[in-house]
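The structure under discussion appears below in the form of structure tokens.
Rule-based calculations on the coordinates, nothing more; no lab input. Quick caveat, the model's predicted, so the values are computed rather than measured. Note that each Cβ is placed from the backbone with ideal geometry, even for glycine, and that neighbours are counted across all protein chains shown.
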Amino acid sequence: MRPMRYALAFAGIVAAAGVAEACPNWQLAPAFGQINLSAGFLPDPYTRNVTAGGSYNLQTCLNNAWGWVAAAPDFDLYYQTNGTYQLTIAIESNADTVLLINAPDGRWYFDDDGGYGLGGGITFTNPRSGLYDIWIGTYNRASGIPARLIITELSY
């Protein structure tokens, strides 16, 4: 059973936002699978090939977010922390991608261009244990764009 989600926030900026029907649904099964990782996991980084994009416009459901994602998460990360490591989730692609995460604290985190090249990336300096629902979107409306999800505890 997934935890209840209450608060909304964005990486670096906390903002209240209404959730409209055009928002992605964290309750759907992830399109590219899931993994359980514990602090100190090897190999680090963990990578997964995915495709970016979708038909859900983030501007219609979250303040200070933009881009296009699928309805369902692309990937689910179940992470168990020990309080020692930071956790970074990033995207690498030849296209301009965005990253949206619904974290164990129930907040939404968004980034554009903080990852590799034009890919999104978010670092949780004090990550919580639990479920991280991850969407890999595109800046411009598109779908099926090749991308690589990167999960690491290393500095990047």
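Starting with the highest mean, order 40-51, 60-71 by the number of other Cβ atoms within 10 Å, averaged over the residues of each peptide.
Going by the mean number of other Cβ atoms within 10 Å, highest first, we get 60-71, 40-51.
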Open item on the list: Show me, for the range 95-110, the HN-Hα J-couplings you get by feeding each phi into the Karplus relation (A = 6.51, B = -1.76, C = 1.60, θ = phi - 60°), rounded to Hz, glycine and proline as x.
Closed with: 9, 7, 10, 10, 10, 10, 10, 9, 8, x, 7, x, 8, 9, 10, 10
Open item on the list: What's the magnitude of the charge dipole for the chain around its Cα centre, counting Lys and Arg as +1 and Asp and Glu as -1 at the beta-carbon? Answer in Debye, nearest 20.
Closed with: 260 debye
- [ ] Any chance you could run the full-extension gain for S38 through Q59? It's 0.36 nm times the residue separation minus the Cα-Cα distance, nm to one decimal.
- [x] 4.2 nm
Task: Karplus 3J(HN,Hα) series, Hz, for the range 47-55 with 6.51 cos²θ - 1.76 cosθ + 1.60 (x for Gly, Pro) - done: 10, 8, 6, 9, 10, 9, x, x, 10
Open item on the list: Give me, ordered by chain and number, the residues 5 or more places off N63 or on other chains with an amide H under 5 Å from its own placed amide H.
Closed with: G18
Task: For the range 136-146, 3J(HN,Hα) per residue [Karplus equation, 6.51 cos²θ - 1.76 cosθ + 1.60, θ = phi - 60°, Hz, x = Gly/Pro] - done: 10, x, 10, 5, 9, 4, 6, 8, x, 7, x
Open item on the list: What whole-number volume per residue, in cubic angstrom, does the convex hull of the C-alpha atoms of the chain give?
Closed with: 99 Å³
